[in-house]
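Reading through the structure tokens given below for one structure.
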Amino acid sequence: MGKTIAEKIFDSHLRDEPFPGTRVVDLDRVLCHEITTPIAIADLVWREKDRVFDRTKIKAVIDHVTPSKDSKTATQAKILRDWAKRHDLTDFFDIGRNGVCHALFPEKGFIRPGFTVIMGDSHTCTHGAFGAFAAGVGTTDLEVGILKGVCAFREPKTIRIDINGVLPAGTYAKDVILYVISRLGVNGATDRVIEFRGPVVDAMSMESRMTLCNMAIEAGGTSGICLPDTTTVDYLWPFIREEYENREEAIADFGKWHSDDDAEYERVLTIDVSDLTPQVTYDYKPDCVKPVNEMVGTPVDQVYIGTCTNGRIEDLRIAATILRGKKIADSVRGIVSPATPKIYNDALAEGIIQVFMEAGFCVTNPTCGACLGMSNGVLAEGEVCASTSNRNFPGRMGRGGMVHLMSPATAAASAIVGKIADPRTFTE
Amino acid sequence: MMKKFGGPALFLDRSDINTDEIIPAKYLTEVTKEALKPYILEDLQIEGFDPKGDAVRRARVIVTRENFGCGSSREHAPWVFEVNEIHAVIAESYARIFRQNMFNGGMLAIELPKEEINRLFNMVGGGEVEIGIDLASGKITARAGKEREETFAFEISPFDKALVEAGGWVEFADQRY
Ligand code: SF4
């Protein structure tokens, strides 16, 4: 019987099987940010085990609240900063070089096909776009990861989703994943890996694949995963050129991480996206999704473009295409947070930042920002935000606020109209 | 060290209760578990539920429905239970990370089938429901008042059981790796 990519990764990293069905795997990456790591650090210090298993494999960033907004967030940042210094971590990103973890770490070339990755952050599944097994974990798992370089998982069962057809104009990876989540439900993939396959995924950029994998957790998935191919190698080439003679060799090598043809899947879901329309969430759960035409006209107070889901250069380009030469509605507060300094810089060079500013957007530094209502862009009671982020839970962006999730194109169109709008009316 | 399990139950009659409802994101700036204590279930809105009420203060076990603890990976969710001395949750199902976080902290996330969860909810109204949990025999005893008593059998994986017995994953991993 053949194996899936997730099974192959588990087999190659197996450290221990303390009980049947429990796999303890060696970790290639333990990623850290300033919200969930400080308590792990404090606990390690308290246990007198303030050590790291490998300073080159642990990467840390301050991204959720940066610059710090008050004494408490300053303390969280300080705990992480001091710890990174104390253990001489090879990679730690602070103000000026920091950005949203799931955009920054891939951009730095830290994630490779076949890697095992954990982070104290539920959207760690994003990194599966590279053909890695990447899972969000809690602080205790993170703590053991930091100390021992291992993490325990159940046997990975996989749901394969074949995405066929051709994405119509005005629809993007975000629309695909919102649609997939609506089909699976918020716990339809609990304890499962979601393997994204098919011609639509093959044609996607790494940025789009990250958008896809990013929201695997919104269906309960442990990790999203895409098979590594030419696109993966092209993205990673600056980081792996020393390791391979040429790209073909890298592509062939990464082939070992392809699922076998006779691999066993728990479930295979085939969808055709040729008739897909832009998708928007309507309630407090990410699986409450409707086609945009059923949501058109819903007034919004704020539009947020950014986050680990859709704050990458491709997303900003898409939004800018719609915003160019236009003004956002007077009634709307537009906020854009390029996800990393490099993205910010590229957007500046391409004139995209100017497009946003001329349209009336506030451009923030790279940070999670409004996504989780902890620092800037918090909603007042009863306010509504059209957002490119991944969560619409009650209170997520501020108590009593409502978040509608959508693509950057739909968000940009909604900013112009002041109400949820169909991006296709601006692009056609 | 193994934790103590059992005591008065708090019934949360809804599915998909997420981590933001268990502990709102704005409290993630705290760097000790103790500091989270007053904010337990603060944003949870269920009819008749008062996060500051007596039932929450007295509770040692939570009984709820499907997909409990979905959303964020934040361990603040099990911690806010831990510091409020709620060491066990009984639900129809959980989000993976939350369930793992519970066991990683040496706490219990017990799954029971829908009919049995219904049977537990049916005990509400007959006074406070007191729940006893015996890990060794895998038995739950629920009592409401003097007359009413129901028992349930549960199973947790040998790994999860080992974590609970060790007092958590750090202890387990430290002895083994
Ligand atoms: S952008 Fe939002 S979802 Fe992504 S890591 Fe930051 S807070 Fe989490």
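The values are calculated or read from the model by the stated rules, or taken from the named source; none is laboratory data. Computed from a prediction, not measured in an experiment: that's the story for all the values here. Positions of Cβ are generated from backbone atoms using ideal geometry, with glycine treated the same way; all protein chains shown enter the neighbour counts. Accessible surface areas use protein heavy atoms only, side chains included; no ligands, DNA or RNA. Shrake-Rupley method; radii C 1.70, N 1.55, O 1.52, S 1.80 Å.
Check whether at least one residue in the range A:36-43 is touching a Leu at 6+ places or on another chain (Cβ under 7 Å) and over 23 Å from B:Ala35 (Cβ atoms), and report yes or no.
Within the range A:36-43, the first condition is being touching a Leu at 6+ places or on another chain (Cβ under 7 Å), and the residues that meet it are A:36-38, A:40.
Now narrow it down to the ones that are over 23 Å from B:Ala35 (Cβ atoms): none.
Among the residues of the range A:36-43, not one is touching a Leu at 6+ places or on another chain (Cβ under 7 Å) and over 23 Å from B:Ala35 (Cβ atoms), which makes the answer no.
For the range B:76-142, which helices (runs of 4 or more DSSP H) that fit wholly inside it have 1 or more residues that are within 26 Å of A:Ala134 (Cβ to Cβ)?
On the way: elements: B:76-83, B:96-104, B:114-121.
Helices (runs of 4 or more DSSP H) meeting the threshold: B:76-83, B:96-104.
Within the range A:56-109, which residues are more than 22 Å from the chain's Cα centre (by Cα) and over 15 Å from A:Thr37 (Cα atoms)?
Result: A:Thr56, A:Ser68, A:Lys69, A:Asp70, A:Ser71, A:Asp88, A:Thr90.
Of the residues A:Ile159, A:Ile217, A:Ile177, A:Ile181, which single one is of a type outside the set (Asp, Glu) and free of Cβ contacts under 8 Å to residues at least 60 places away in the same chain? Working first, answer last.
Values: A:Ile159 fails: free of Cβ contacts under 8 Å to residues at least 60 places away in the same chain; A:Ile217 fails: free of Cβ contacts under 8 Å to residues at least 60 places away in the same chain; A:Ile181 fails: free of Cβ contacts under 8 Å to residues at least 60 places away in the same chain.
Sole residue among the options that is of a type outside the set (Asp, Glu) and free of Cβ contacts under 8 Å to residues at least 60 places away in the same chain: A:Ile177.
Give the range A:339-376 a look and list any residue that's within 16 Å of the ligand (Cβ to nearest atom), closer than 15 Å to A:Val303 by Cβ, out of contact with any Phe, Trp or Tyr (no Cβ under 7 Å at 6 or more places or on another chain) and of a type outside the set (S, T, N, Q), or say none.
Correct list: A:Gly369, A:Cys371.
Return yes when A:Leu379 is more than 21 Å from A:Ile343 (Cα to Cα) and either more than 13 Å from the ligand (Cβ to nearest atom) or out of contact with any Leu (no Cβ under 8 Å at 6 or more places or on another chain) (or both) and no when it is not. Steps first, answer last, please.
Numbers: more than 21 Å from A:Ile343 (Cα to Cα): yes; either more than 13 Å from the ligand (Cβ to nearest atom) or out of contact with any Leu (no Cβ under 8 Å at 6 or more places or on another chain) (or both): yes.
When the stated conditions are applied, A:Leu379 passes them.
Report yes if some residue within the range A:253-263 is open to solvent by less than 20 Å² (accessible area, probe 1.4 Å), farther than 30 Å from B:Ile17 by Cα, away from the ligand (no atom under 16 Å from the Cβ) and among the hydroxyl-bearing types (Ser, Thr, Tyr); otherwise report no.
Going residue by residue through the range A:253-263, those that are open to solvent by less than 20 Å² (accessible area, probe 1.4 Å) are A:254, A:259, A:263.
Restricting the remaining residues to those that are farther than 30 Å from B:Ile17 by Cα gives A:254, A:259, A:263.
Of the ones still in play, those that are also away from the ligand (no atom under 16 Å from the Cβ) are A:254, A:259, A:263.
From what's left, among the hydroxyl-bearing types (Ser, Thr, Tyr): A:259.
Yes.
This table checks each residue for (1) out of contact with any Lys or Arg (no Cβ under 9 Å at 6 or more places or on another chain); (2) more than 11 Å from chain A (Cβ to nearest Cβ); (3) surrounded by fewer than 24 Cβ atoms within 10 Å (Cβ to Cβ).
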residue	(1), (2), (3)
B:Ala55	yes, yes, yes
B:Arg60	no, yes, yes
B:Gly69	no, no, no
B:Glu85	no, yes, yes
B:Tyr94	yes, no, no
B:Asn104	yes, no, no
B:Met107	no, no, yes
B:Ile117	no, yes, yes
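Just one of (1) away from the ligand (no atom under 16 Å from the Cβ); (2) within 14 Å of chain A (Cβ to nearest Cβ); (3) in a loop (DSSP other than H, G, I, E, B); (4) in contact with an Asp or Glu (Cβ under 7 Å, 6 or more places away or on another chain) trips up B:Thr32, so point out which.
(4)
I'd like to verify a number: residues in the range A:1-24 that are surrounded by fewer than 19 Cβ atoms within 10 Å (Cβ to Cβ) and assigned to a loop (DSSP other than H, G, I, E, B), how many?
7
Please determine, by comparing only the residues of the range A:383-396 that are over 11 Å from A:Asp301 (Cβ atoms) and more than 9 Å from every other protein chain (Cβ to nearest Cβ), which one is farthest from the ligand (Cβ to nearest atom). Even if it seems obvious, please write down each step before you answer.
Filtering the range A:383-396 for residues over 11 Å from A:Asp301 (Cβ atoms) gives A:387-396.
Checking which are more than 9 Å from every other protein chain (Cβ to nearest Cβ) leaves us with A:387-390, A:392.
Values: A:Ser387: 10, A:Thr388: 10, A:Ser389: 6, A:Asn390: 5, A:Asn392: 11 Å.
Only one residue tops the list, namely A:Asn392.
For the range A:218-231: of the residues being assigned to a helix (DSSP H, G or I) and surrounded by fewer than 23 Cβ atoms within 10 Å (Cβ to Cβ), which is nearest to the chain's Cα centre (by Cα)?
In the first step, residues of the range A:218-231 are kept if they are assigned to a helix (DSSP H, G or I); the result is A:218-219, A:230-231.
With the extra rule that they be surrounded by fewer than 23 Cβ atoms within 10 Å (Cβ to Cβ), the set shrinks to A:230-231.
Details: A:Thr230: 21, A:Thr231: 18 Å.
Looking at the filtered set, the residue picked out is A:Thr231.
Identify all residues within the range A:285-335 that are within 16 Å of the ligand (Cβ to nearest atom), touching an Asp or Glu at 6+ places or on another chain (Cβ under 9 Å) and assigned to a loop (DSSP other than H, G, I, E, B); write none if there are none.
A:Lys285, A:Pro286, A:Gly306, A:Arg312
Being in a helix (DSSP H, G or I) and hydrophobic (A, V, I, L, M, F, W, C) is the filter here, so list the residues in the range A:336-347 that pass it.
Filtering the range A:336-347 for residues in a helix (DSSP H, G or I) gives A:341-347.
Correct list: A:Ile343, A:Ala347.
Can you tell me how many residues in the range A:60-70 are out of contact with any Cys (no Cβ under 7 Å at 6 or more places or on another chain) and under 20 Å from A:Thr124 (Cα atoms)? Give the steps one after another, and end with the answer.
Within the range A:60-70, the first condition is being out of contact with any Cys (no Cβ under 7 Å at 6 or more places or on another chain), and the residues that meet it are A:62, A:65-70.
From what is left, the residues that are under 20 Å from A:Thr124 (Cα atoms) are A:62, A:65-66.
The qualifying residues number 3.
With A:Ala386, A:Ala370 as the choices, which residue is modelled with pLDDT of 95 or more, farther than 19 Å from A:Ala103 by Cα and not acidic (Asp, Glu)? Full working, then the answer.
Numbers: A:Ala370 fails: farther than 19 Å from A:Ala103 by Cα.
Selected residue: A:Ala386, the only one of A:Ala386, A:Ala370 that is modelled with pLDDT of 95 or more, farther than 19 Å from A:Ala103 by Cα and not acidic (Asp, Glu).
Name the residues in the range A:25-35 that are within 16 Å of the ligand (Cβ to nearest atom) and either in a helix (DSSP H, G or I) or farther than 18 Å from A:Asp91 by Cα (or both), would you?
none
For (1) facing chain B (nearest Cβ under 9 Å); (2) open to solvent by 20 Å² or more (accessible area, probe 1.4 Å); (3) within 16 Å of the ligand (Cβ to nearest atom), each residue gets a yes or a no:
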position	(1), (2), (3)
A:Ile39	yes, no, no
A:Lys49	yes, yes, no
A:Gln76	yes, no, yes
A:Trp83	no, no, no
A:Asp88	no, yes, no
A:Ala103	no, no, yes
A:Phe130	no, no, no
